[in-house]
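Participant: Handing you a structure now.
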Amino acid sequence: MFKFLKEVVAGSGSGLKDFPYTIGEPYASAWGSWTHHRGTSKDDGSPVSIFSLSGSNPQDRHLVAGRNGVKRLRTVRHPNILSFLHSTEAEVPDGPAMKHTIYIVTEPVTPLSEKLKELNLGGTQRDEYFAWGLHQISKAVSFLNNDCKLVHGNVCVTSVVVTQTLDWKLHAFDVLSEFDANNEASNSPMLQFEWLVGTQYKPMELTKSDWVSIRKSPPWAIDSWGLGCLIYELFSGAKLTRTEDLRNTASIPKSLLPDYQRLLSSAPSRRMNPSKLIDNSEFFQNKLVETIQFMEVLNLKDSVEKDSFFRKLPNIAEQLPREIVLKKLLPVLASALEFGSAAAPALVVLLKMGSWLPADQFSAKVLPTIVKLFASNDRAIRVSLLQHIDQFGESLTAQTVDEQVFPHVATGFSDTSAFLRELTLKSMLVLAPKVDEEPAIRTNTTILLGNIANYMNDGTRKRVLINAFTVRALRDTFPPARAAGIMALSVTSSYYEMTEIATRILPNVVVLTFDPDSDVRTKAFQATDQFLQIAKQHHEKLTMGDNSAAEATGIQLKPGNAGLLGWAMSSLTQKGKGSDHGPVSSANASNSQISATSSVTSDNRSSTVAYAPSTSSSLDQTAPASARSSVDGWGEIENDNTQEENGSDNEGWDDVDPFDEKPPPSLLSNIQAAQKRPVAQPKQPVSNSSRLNQPKVPKPEEDPLWGSIAAPAPKNASKSSDIKPSTSHNDDDDLWGSIAAPPPKSAGKPLKPPQAANSDDLWGAIAAPPPSTKARPLASSGRGRGTKPAQPKLGAQRIGRTSSTGM
């Protein structure tokens, strides 16, 4: 028999030299003569617990009992019994002598007494956690007594350990023995190693060694007494030293007191069966026990029960001990979601619980489950993921997004559900910076955000815009990306509150006024002036006592900045290197033209894009090469009849048009005043020939504000296409002559005869006369003032450069 037990114990290893675990520091307490060590696996470094028991010789009775415990622990399996991993027996040197030592390796656990000190629970939370632990130990004891017909013999605090998920498990099986009920008359010991049990834990019949009475008693009689001892030690907070102390019930909860007394009945036959304690005890009816029990059988619940449960769970989780929620409920919930037994509302609960974790633990415990859920075919799960992607998107790595997330998210663009397609589009705000590390992609992502800001609701704008522009774009290593961030902030300035402008926007923009890139510095100064002007208006309104107006967030944006994002990167195929995409040169900056969009028309119609010269003499000069092509919307280059002479030089980011000059502070008021000036109505129709012979309208030199911006078309000019141009109009009525676009440098065809003029030319009455240059006039079919400007297009466009011969 001894040889068999030794072979069983040593079967998993031949000694410490082959022991695949590293033995660490011991805990302060353990059951009996065992020592409980921390340990790790040599294979993967995973934590384990290692129990050791030493004796002077192989026949030491403690070692014999220990071998019995190893055999029982190896063969008895239950969720509430400590999980066995490995065991071995070896001779270990102890000074000059040698000691025989048994090692048992189990899942990582902590002694119950030390874990309770660590948790330091009190009040209702303590009672609820004790109820859950007692519930688990009662299930383990019931399994041994009722199902296996085994007697543990020493249920107490030291025989209970706690797992990493705060579950209680029973161990210390050295005394464990079969219940011998067939030989009731025998007086031989039924528990071979009962001498290991302390006298204070023994019921009266065991103290007297009345084996006849024990055999006539129910199988649970001895262990029910042990459960009573465990309850006393838990609530009194002290180790049981005398059997008489069990009569002190002052610390026992009233809801548990009747069951406690029945467990400690003096008559063995009247002691409560642990199974009845589990089913009938009022003490076990609390939120923590009910919540965990529901989640353990979640796959057996119908959809209505699941939906109701998960909608209540967030409020319940707030009332439970935080560590129990994070270490017990969160892993169960994550597993339920991963294997499909939890409904979509459970994802909201998982994210809420995960928000209580540190970032590193969130990435380790929650994020893997979320990533797997992106492959789910459940539309409700996919919708919930996209709705809350802002809560975990920052934790996703670029590799994870590229390999495991984006391929599944992209299928939402072709989904039949419009709502899912919308959420998929919105999710790109979070995923796009992680999908492609190309600087051009990052830059166009910033432009996209600026252009679609007006389609977002207020909550999304507050949550996304400032973070995307200041935290990401303004700190990008690619200069055009920083410039795009500044311009995006300028265009979306009407969406920010004064507090956000003063505390979050201006501090980040001012830093870029000494940026190494000149184009970034220029835009930083312009944006600073714009936001300071908004701050000044806010101050003036506060000074005048208009607090309600000052607190409003919708301060009107300067018209000169309304179309700042009407540009895109010229090449998405080049690598994003600073040397490959240099800043716009000062020469281009002085000759660039700004695309402006007016947003203050009285009837809120679509704005008309116009291109204004940057110098007062541009009407009489040939347009520079950099001005022959302008970027409208997101990258459509208007070069129908022009040639691109410097295509190779502009292949980088030179077509990102910088500002020509800093607009004066009173720009907004001047534009609005000009828009209110009446436009002369046509009195009588005349032929187009008279229009061709009109004198050149001089450019007003006294008002330089009109040279660098575009003004909107008058409302009455677009109402009817039947209005004929008037025979004459003075300088006061000609609102558009001074800001008309200059003629292109390329040679055009002569104008067609007057009778062939287009009757739908709505702008003929206010068009500027042909320039007095040697350049040939434009053909009527070319890009003259009579041609309606193209509507700006939304969306990133790949700009196709052409050869020097044109498109």
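The values are calculated or read from the model by the stated rules, or taken from the named source; none is laboratory data. Since the model is a prediction, treat every value here as computed from it, not as a measurement. Neighbour counts are summed over all protein chains in view; Cβ atoms, including those assigned to glycine, are modelled from backbone coordinates with ideal geometry. For accessibility, only protein heavy atoms count, side chains too; no ligands or nucleic acids. Shrake-Rupley method; radii C 1.70, N 1.55, O 1.52, S 1.80 Å.
Participant: Taking R0 as 41 Å, what FRET efficiency do you get between residue 514 and residue 312 from their Cβ-Cβ distance, rounded to the nearest 0.05?
Facilitator: For R0 = 41 Å, the calculated efficiency reads 0.15.
Participant: Ignoring solvent entirely, what values of log10 I(q)/I(0) come out of the Debye formula for the stretch 1-109 at 0.10, 0.19, 0.24 Å⁻¹ when each Cα is a single scatterer?
Facilitator: For the stretch 1-109, the Cα-only Debye profile gives -0.26, -1.00, -1.58.
Participant: Over all directions, how big on average is the projection of the convex hull of the alpha-carbon atoms in the stretch 291-380, in square nanometres?
Facilitator: 5.4 nm²
Participant: With all pairs of different alpha carbon atoms counted, what Kirkwood hydrodynamic radius in Å does the stretch 112-283 show?
Facilitator: Here the Kirkwood hydrodynamic radius works out to 16.3 Å.
Participant: Express the Stokes-Einstein translational diffusion coefficient of the stretch 223-338 in µm² s⁻¹, to the nearest whole number, given a Kirkwood radius over alpha-carbon pairs, 25 °C and a viscosity of 0.890 mPa s.
Facilitator: 148 µm²/s
Participant: Given a 1.4 Å probe and heavy atoms of the protein chains only, how would you sort 208, 99, largest accessible area at the top?
Facilitator: Reading off the accessible areas and sorting them downward yields 208, 99.
Participant: 5 Å is the cut-off here: which amide hydrogens, built 1.01 Å from N in the peptide plane, fall below it relative to residue 417, excluding neighbours closer than 5 in sequence?
Facilitator: none
Participant: Rolling a 1.4 angstrom probe over the protein chains, ignoring ligands and nucleic acids, what is the accessible area of residue 482 in square angstrom, nearest 10?
Facilitator: The accessible area comes out at roughly 30 Å².
Participant: How far apart, in nm, are the 7 Å Cα→Cβ label points at residue 338 and residue 41?
Facilitator: 1.5 nm
Participant: Let me ask you something else. Output the peptides 423-432, 129-138, 245-254 sorted from most to least packed, where packing is the average of other Cβ atoms within 10 Å over each peptide's residues.
Facilitator: 129-138, 423-432, 245-254
Participant: Among 139/372; 117/352; 306/327; 17/115, which pairs are too far apart, with a Cα-Cα distance over 29 Å?
Facilitator: Correct reply: 139/372; 17/115.
Participant: So what are the ³J(HN,Hα) numbers for the stretch 191-196, from phi and the Karplus equation (6.51, -1.76, 1.60; θ = phi - 60°), rounded to whole Hz, Gly and Pro as x?
Facilitator: Residue by residue, the stretch 191-196 yields 9, 5, 10, 5, 5, 6 Hz.
Participant: Right, something else. Give a residue-ordered list of calculated ³J(HN,Hα) values for the stretch 507-513 (Karplus: 6.51 cos²θ - 1.76 cosθ + 1.60, θ = phi - 60°; whole Hz; x for Gly, Pro).
Facilitator: These are the phi-based 3J(HN,Hα) values: x, 7, 6, 4, 4, 7, 5 Hz.
Participant: Working with all protein chains in place, sort 220, 195 by solvent-accessible area computed with a 1.4 Å probe, largest first.
Facilitator: 195, 220
Participant: What are the ³J(HN,Hα) couplings of the stretch 459-466, residue after residue, when phi is run through the Karplus curve with 6.51, -1.76, 1.60 and θ = phi - 60°? Round to Hz, x for glycine and proline.
Facilitator: So the Karplus estimates, Gly and Pro as x, are x, 5, 4, 5, 7, 9, 4, 4 Hz.
Participant: Quote the convex hull volume per residue of the stretch 155-257, based on C-alpha atoms, as a whole number of Å³.
Facilitator: Per-residue hull volume (Cα only) is 120 Å³.
Participant: Another question, then. At what distance in nm do the modelled label points of residue 199 and residue 472 sit from each other, each positioned 7 Å from its Cα along Cα→Cβ?
Facilitator: Result: 7.4 nm between the two label points.
Participant: Check which residues have an amide H placed less than 5 Å from residue 24's amide H, if you skip close sequence neighbours.
Facilitator: 38, 39, 40
Participant: Heavy atoms of the protein only, probe of 1.4 Å, neighbouring chains included. What is the accessible area of residue 409 in Å², nearest 10?
Facilitator: Counting only protein heavy atoms, residue 409 exposes about 10 Å² to solvent.
Participant: Using 0.36 nm times the number of residues separating residue 379 and residue 421, minus their current alpha carbon distance, what extension gain do you get?
Facilitator: Here the answer is 14.0 nm.
Participant: Shifting gears a bit: Multiply the residue gap between residue 408 and residue 242 by 0.36 nm, knock off their C-alpha separation, and tell me the result in nm, one decimal place.
Facilitator: Going from the current span to full extension adds 53.3 nm.
Participant: Please tell me the relative contact order of the stretch 286-436 in percent, rounded to the nearest whole number, where contacts are Cα pairs under 8 Å and at least six residues apart.
Facilitator: Result for the stretch 286-436 is 19 percent.
Participant: With r as the distance between the Cβ atoms of residue 28 and residue 149 and R0 = 45 Å, compute the FRET efficiency 1/(1 + (r/R0)^6) and round to 0.05.
Facilitator: 0.80
Participant: Also, quick follow-up: Using only the Cα atoms of the stretch 286-436, what semi-axes does the equivalent ellipsoid have when each is the square root of 5 times a gyration tensor eigenvalue? Give whole Å, largest first.
Facilitator: Taking √(5λ) for each eigenvalue gives 27, 18, 12 Å, largest first.
Participant: Here's a follow-up. For 352, 372, give me the order by solvent-accessible area with a 1.4 Å probe, most accessible first, ignoring ligands, DNA and RNA.
Facilitator: 372, 352
Participant: Then there's this: Could you tally the net charge around residue 464, taking each other residue with its Cβ under 14 Å from the Cβ of residue 464, Lys/Arg +1 and Asp/Glu -1?
Facilitator: Once all neighbours under 14 Å are counted, the net charge is +2.
Participant: Roughly how much of residue 392 is accessible, in Å² to the nearest 10, using a 1.4 Å probe?
Facilitator: Counting only protein heavy atoms, the figure is 0 Å².
Participant: Quick one: what do you get for the stretch 458-541 if you divide its Cα Rg by 2.2 N^0.38 Å?
Facilitator: Rg over 2.2 N^0.38 Å, computed on Cα atoms: 1.03.
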